[in-house]
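The next block holds one structure in the form of structure tokens; read it before the comments.
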Amino acid sequence: MKVANSLKTLKSRDRNCRVIRRRGRVYVINKINKRFKARQG
């Protein structure tokens, strides 16, 4: 999982990426291709 300041570019890496808020943190997850994961902060 990448930790990044901005998730805008990481969201556009793949078509199935979704931005989700969990426990006050922002995540990019991808159900189809599991390697596209990122967290902000």
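FYI, it's all coordinate maths here, none of it is from the lab. Predicted, not measured: the structure shown is a model, and the values here were computed from it. So basically every Cβ, Gly included, is an ideal-geometry build from the backbone, and we count neighbours across all protein chains shown.
Output yes when any residue across the stretch 6-17 is surrounded by 10 or more Cβ atoms within 10 Å (Cβ to Cβ), without any contact (Cβ under 8 Å) to a residue 60 or more places away in the chain and part of a strand (DSSP E or B), and no when none is. The answer is yes; a qualifying residue exists. I'm checking my understanding of the structure. Among residues of the stretch 23-41 that are among the basic types (Lys, Arg) and out of contact with any strand residue (DSSP E or B) (no Cβ under 9 Å at 6 or more places or on another chain), which one is surrounded by the fewest Cβ atoms within 10 Å (Cβ to Cβ)? Per the criteria, the residue is 23.
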